[in-house]
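Only one structure is covered here, and it is reproduced in the block below.
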Amino acid sequence: MSSPTSTPGGRKRGRNANPSTPSSEGPTSPPSQRRRGQDSSTGDLMPMPTSPATDMLSPSAPQDTSLFSSPRPSVLPNEVDMSSPLMYGTPSSRVEGTPRSGVRGTPARQRPDLGSVRKAPQVDLQSEPPSADGAVASEPNAGQKLVIWGTDVNVGTCKEKFQRFLQRFIDPTSNEDENAGLDLNEPLYMQKLEEISVVGDPVLNVNCRHIQSFDAELYRQLISYPQEVIPTFDMAVNELFFERFPDSILEYQIQVRPYNALKTRNMRSLNPEDIDQLITISGMVIRTSQLIPEMQEAFFQCQVCAFSTRVEVDRGRIAEPAVCRNCNTTHSLALVHNRSAFSDKQMIKIQESPEDMPAGQTPHTTIVYAHNDLVDKVQPGDRVNITGIYRAVPMRVNPRQSNVKSVYKTHIDAIHFRKTDERRLHGLDEEAEQKLFTEDRVQTLKELAAKPDVYERLSSALAPSIYEHEDIKKGILLQLFGGTRKDFSQTGRGSFRAEVNILLCGDPGTSKSQLLQYVYNLVPRGQYTSGKGSSAVGLTAYVMKDPETRQLVLQTGALVLSDNGICCIDEFDKMSDNTRSVLHEVMEQQTLSIAKAGIICQLNARTAVLAAANPVESQWNPKKTTIENIQLPHTLLSRFDLIFLMLDPQDEAYDRRLAHHLVSLYYQSEEQMEEEFLDMAVLRDYIAYARTYINPRLSEEASQALIEAYVDMRKIGSGRGMVSAYPRQLESLIRLAEAHAKVRFSEKVETIDVEEAKRLHREALKQSATDPRTGFVDISILTTGMSATARKRKEEVAQALKKLIQAKGKTPAMKYQQLLEDLRGQSETAITKELFDEALRALADEDYLTVTGKTVRLLA
Amino acid sequence: MPSTHDWINNPLGVVPSLNDVPLHYLKPNSLVKFRCLIQDMFDPEFYMGVYETVDPSTKAKVLRCGKYKDVTECGVDFNSRNTVTAERQTFYCVPIPGENPWVKDISSSCHSSRVVPSTSYVPSRQKRSYEEDDDMDDMDTHPTEQHGNGDCKRLETEAPSSQMTPASHLDLNFPLPGEKGPSCLVKVYEDWDSFKLNDTLEVYGILSVSPALSALADEKDASSSLLDPAECMETAEEQRVHSPPASLVPRLHMLYAKTLPHNNPLLPSAPLEDNSAFLSSTLSEMASVRAELLTYLTHVLLGDALAAEYLILHLISNVYTRRDVLPLGKFTLNLSGCPTVASYTERFYQIIQQLVPCSYYLGMSLQNMNQMRLVPKKDYVANRLVSGALQLARNTSLFLDETQLEQGQLDTTGVRNVTALGNLISWQKVDYDFNYHQMEFPCNINVLIASEGRSLLPSDCQIHLQPQVGPATMEEYLSSIHMHPQASSQLNKLRIYLSVARLLDYSISDEMTKSVEDDFVDMRKDDPQSISAEDLHRMLVVARLLSLSLGQTSLSRDSWLRAKHIEALRRSRMEQHKCVNGNEP
């Protein structure tokens, strides 16, 4: 392919094409055309700068890699300004005609993301400033250490290092989803190159963390001089690629896109030192501009002799040639737009994510420019991690004005986008990379987890301003941790719910709302709504017309927004039935189906629900069951794992402690309070860490304990002829046990976890499912809405009523009121009107009688 | 050279205030001060901290400092190795919203008496001051003195018109409708993280009204067709908002700023603890002034002494700390049973306006609720936070007039506004709308709700007004309130009293804690239904405010009993009015 003999010839011809002797070439033939002809004739001559940003060497000939600097002047294309010793910015997209394979046949694509600074001459470290005629650079001295001007990057070494990295790097612990399907014990990036050769998408994403672990020095250079190092990487990878897959055809040469620069920064911490460095910042896209065609290369044609020339854009400007080189006419060149080269560009504004913000400040925004195929990769509202080069450009100097604004404009030239919320669409919720913990923090958290009373500590740290209610806090704590997510979709049951749902009911003014507010403030993805104000639409999703695009868009509501978080719903009882019905699906299947305005879809809503409800009669009536008190459908109630009552205990010792707590709230200083309780930030990190990294599984003993517990629960009821536990309760127990194991940072669910889950579950049941008539815990109150004794009593009354009517003999119609009084007179227990009505209804169901208004008719 | 701080405390350093002196009377590049609220925070900007200029004729290079300036000197060498890029932050500041006229009058009178001679502002005077003050700003080299001077003249002729019509084409983004005054772009050079949105500041800084800034903006409009990627990216709106003409929105380069705990000009500027003489003299008078105020307010509240008592407590309330989500010390008062005749609520508000430094009257009419923007909202096109009426400085009195309520339906905005008010009252926070998410900003606003029946909004404490005046004579009575001759010195006393009472520290001794606990247990013993944890919360706040209103910094047995007493009175009154309307739970 590249015969060494052809190179000198090319060099010679290249020298001939020197503009100092333009007359030596035929004046009729425009140089650009001539060059193309030259390329096709020699085949291997054309320098293929892989990156126009630096264009320092031609990777075409293998021998060039060692003596890369020597042949360069020889291959200079004739229209480049020869006063400069080096060739700058030759857009190789012009090259056509060669077979489209191999490194030379594939056009390189401009990388405007690396900026337009084209001056990257190499300097010898030993010899001082580069001589003006470029003697140093052209000296074929392989022993000297050549670096790119202004940096300490030696192209050759850098290339070698990167190729070594690509060939050797193995990451057996990789868990990135994009590496799925790759053999972890083989060199990772070689497999990716293979993928490129198959798929034909010439982009190689390189994780900077891998480079760092492989070669820290290379990593440092990459971070500090991305503009110079990335083109070198490009060259290296292309050489390697076409060596391996000489026959593959790519649209253009492979571009390296590093991401995950470890210097991941908060937008707020960007400072002048980061200018021109490779950075990764996270944020939310708030605006994207329309596509902007940016001129890369201008095409000029002489009006007199039709001689054409091309001029590259340098720092956003085009130097219009004043004299035609062919006919020497001044000011005769005109720009021809449709022959100029343009590239796509888009302005994207990103804003700090709300999680990264200090309190009391407004979010910062940064401008990002996306180029070529990165255009339209992100949409407003996306959470992204952007890797790019931070730039600061002075405001335009206006020749008409003597003084200028002393402010720079800053932006980021994007090299790589990574959507952080994309993965949420896939089944798993790996927030691993969203929240990075420092070593110290992990250490603190682990120390905390090792304490025997960590469970108590954490639960008391929860909402310290709310007094006591220890079990409720423990329940909420377990809810914050959640169970382990299990996937049974292969066996046909779909995924199991891992979230714990909790309902708090109780007297008004028992700080239920406060507890909800606290939880809402604690979790990163929490939503707070009030049942009174929210509609089904507000909770699920609605379709609206986007004011900008005038298209119908689906806007998500609170339940979807709190996916992987907690949805706090206050005044649960005041919700309309319609609204409540959407919760059925969410609270068990964890999805949300929508069919409206032509949009039919199913959204994930893997949210834990923390609801608060007030009793119907403003005060909790202890003589009634939970269902009767809060008037919620039992179908919904049974979906709550824990139902707690927050009641006023009315006991002197409690009162005293409460008073003490409240008074101290009002006079203790901030510091004193903090000493007593865990910091909210620690708690938040603790939960986030456990949720991310701990996935407990049931141990053998724990399974046995769970089985026993379930059997016990079933047994309680069977003695009295009622069902006291359903599989749903068993699932709740498992979830709670798992959550408790998470609190301990344990990968295994053990017996103590099950014990606590049992205890908590029992406590909650004791409060909410106690039959007020018998004093027994009766799960059917929650599952069927009526206790077993109540059902029995209803049947008895109906039978008694039937007997009474039968005793009356043949009277086809009776007065309602009369019948009620008769029944009351006969029965020894009190018969309420409701009970009577129910009995009548039961008899009507038997087709024994009908009730019309105030008359009861017998059917027979 | 003395430090900035010394210099500012120096009584000789008489600094003109942007609040009082019209912009066109102020000299560019001079030291001014500005009493303001941080309405928005823009993105940090990089500027040339140090740069080099080249004289085109002599080729001499000079190093220059770019700090505290917007515009560089001529002939900047962009490739110089000596250029140092530095970072600064821009805040968009507006005068404190809802600042009452008396505050403005007093602060301007005590300044103008010193700054400007009584001969009012004469344009020729400006020139003199120019020369006088020349030595003052030693950090400014005045290379463009001639230039700047000429511009000032030009500004002078233009400025009055722009003052009359405060930029109809340019929305200065004041939180409250109908506000006036200059807004300002404050450039902060250090410690900008310590400032928070809605902080009230007194900024001392160098005024920059360089016309070059506006020229730059103008030129951009003209040349926007030019192919310059950096410029066509920014929308016209954003351009307008972020670099408005300097004649309307001057730039202020901050040298020093102090956060204002209050903006009452009658109080000494130093913190109370440092000013023991003032504190002790005020404290000693506190009880007597309180009695005076009580009489006055009783009179205003149609002879209802109990309501007047609660009103005092409300006026000095203050969120002094937060326990996780719970704000402590807030005391939202719902004054129900307000007469609807003779625009009583408006007059009542006017009286409050005379007493507190900042206040705002929000009539809860259907139209207002459905149309007003209460919650600030981020405008991503112009990249700014569009203010709303709830973006208020701390301790602003928000007067909600529910008697304006009429029949009709609240639309989406209306419901959102009412929810925002409810959140403000219950949690003392406002959720700013950032389109993709909401962001919570804590606030400290005293909300007073005047209503006929029980308010539809939550409140910490409701008291039903019992007018001692018959409806027939109401009109006459009300007009007499308005005429009530309050000598200004008398009024000033009341104003000082209210501000000082709010700033006092407060504690509860261990014995008192014990006795309060005992009391609570006893009360619960008699009748558990009668007092709940919430009632204890309220009683503790009432006791706190009552003590402070009497100038006592710790809870005494007497105050506790008195607090219990007035609470009992209030509750018994509430029993009577239980069935005023259907809003009761």
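The values are calculated or read from the model by the stated rules, or taken from the named source; none is laboratory data. Because the structure is a prediction, the values reported are computed rather than measured. Every residue, glycine as well, gets a Cβ built from its backbone with ideal geometry; the counts of neighbours run over all protein chains shown.
A few notes on this one:
- Within the stretch A:756-771, the presence of at least one residue that is in contact with a His (Cβ under 8 Å, 6 or more places away or on another chain) and either at pLDDT 75 or above or exposed (fewer than 14 other Cβ atoms within 10 Å of the Cβ) (or both) is confirmed.
- Just one of (1) away from chain B (no Cβ under 11 Å); (2) surrounded by fewer than 17 Cβ atoms within 10 Å (Cβ to Cβ) fails for A:R310. It is (2).
Let's see how each residue does on (1) surrounded by fewer than 21 Cβ atoms within 10 Å (Cβ to Cβ); (2) among the acidic types (D, E); (3) modelled with pLDDT of 85 or more:
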residue	(1), (2), (3)
B:D324	yes, yes, no
B:K330	no, no, yes
B:L333	no, no, yes
B:T345	no, no, yes
B:F348	no, no, yes
B:M364	no, no, yes
B:R373	yes, no, yes
B:K377	yes, no, yes
B:S387	no, no, yes
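- Some residue of the stretch A:368-375 being closer than 30 Å to B:F195 by Cβ, touching a strand residue (DSSP E or B) at 6+ places or on another chain (Cβ under 9 Å), facing chain B (nearest Cβ under 10 Å) and not aromatic (F, W, Y): no
- Tally of residues being surrounded by fewer than 13 Cβ atoms within 10 Å (Cβ to Cβ) and not in a loop (DSSP other than H, G, I, E, B) across the stretch A:600-625: 3
- Residue selected from the stretch A:680-697 under the condition within 14 Å of chain B (Cβ to nearest Cβ) and out of contact with any Asp or Glu (no Cβ under 8 Å at 6 or more places or on another chain), by the criterion nearest to A:S459 (Cα to Cα): A:L683
- Verdict on A:E468 being within 14 Å of chain B (Cβ to nearest Cβ), modelled with pLDDT of 70 or more and either touching a Gly at 6+ places or on another chain (Cβ under 7 Å) or surrounded by fewer than 17 Cβ atoms within 10 Å (Cβ to Cβ) (or both): yes
- Condition broken by B:V319, with the remaining ones in (1) within 14 Å of chain A (Cβ to nearest Cβ); (2) hydrophobic (A, V, I, L, M, F, W, C); (3) touching a Phe, Trp or Tyr at 6+ places or on another chain (Cβ under 7 Å) satisfied: (3)
- Candidates B:H464, B:H437, filtered to the one that is over 23 Å from the mean Cα position of the chain (by Cα) and within 14 Å of chain A (Cβ to nearest Cβ): B:H437
- Consider the stretch B:39-50 and keep the residues that are more than 7 Å from chain A (Cβ to nearest Cβ) and assigned to a strand (DSSP E or B). The one that is surrounded by the fewest Cβ atoms within 10 Å (Cβ to Cβ) is B:V50.
- Options B:T298, B:T321; residue that is on the phi < 0 side of the Ramachandran plot, among the β-branched types (V, I, T), without any contact (Cβ under 8 Å) to a residue 12 or more places away in the chain and in contact with a Leu (Cβ under 6 Å, 6 or more places away or on another chain): B:T321
- Test: A:K345 is under 17 Å from A:I292 (Cβ atoms), in contact with a strand residue (DSSP E or B) (Cβ under 9 Å, 6 or more places away or on another chain) and facing chain B (nearest Cβ under 10 Å): yes
- Matching residues in the stretch A:313-346 - criterion: being under 20 Å from A:R391 (Cβ atoms) and surrounded by 20 or more Cβ atoms within 10 Å (Cβ to Cβ): A:V313, A:S343, A:K345, A:Q346
- You will find that of A:D276, A:D373, the residue that is assigned to a helix (DSSP H, G or I) and of a type outside the set (A, V, I, L, M, F, W, C) is A:D373 and no other.
- Search result, residues across the stretch A:229-266 that are modelled with pLDDT under 80 and outside any loop (DSSP other than H, G, I, E, B): A:R265
- Where a residue in the stretch A:354-369 is surrounded by fewer than 18 Cβ atoms within 10 Å (Cβ to Cβ) and its partner, wherever it lies, is assigned to a helix (DSSP H, G or I), with Cβ under 8 Å and at least six apart: A:D356/A:M267; A:D356/A:R268; A:M357/A:R268; A:P358/A:R268; A:P358/B:D193
- Residue list for the stretch B:52-91, filter: more than 7 Å from chain A (Cβ to nearest Cβ) and within 30 Å of B:K196 (Cα to Cα): B:C65, B:K67, B:Y68, B:V84, B:R88, B:Q89, B:T90, B:F91
- Hey, B:S479 more than 14 Å from chain A (Cβ to nearest Cβ), among the small types (G, A, S) and under 15 Å from B:L301 (Cβ atoms) or not: no
- None of B:L457, B:L546 is in contact with an Asp or Glu (Cβ under 9 Å, 6 or more places away or on another chain), within 14 Å of chain A (Cβ to nearest Cβ) and more than 27 Å from B:A287 (Cβ to Cβ) except B:L457.
- Residue count, the stretch A:281-297 (criterion: more than 12 Å from every other protein chain (Cβ to nearest Cβ) and within 26 Å of the chain's Cα centre (by Cα)): 3
- Residue in the stretch B:442-454 that is surrounded by fewer than 20 Cβ atoms within 10 Å (Cβ to Cβ), within 26 Å of B:D324 (Cβ to Cβ) and in contact with a strand residue (DSSP E or B) (Cβ under 6 Å, 6 or more places away or on another chain) present: yes
- Selection count where residues are at the interface with chain B (Cβ under 7 Å from one of its Cβ atoms) and either more than 21 Å from the chain's Cα centre (by Cα) or assigned to a strand (DSSP E or B) (or both), scope the stretch A:350-365: 4
- All conditions but one from (1) at pLDDT below 80; (2) within 14 Å of another protein chain (Cβ to nearest Cβ) apply to B:H253; the one that does not is (1).
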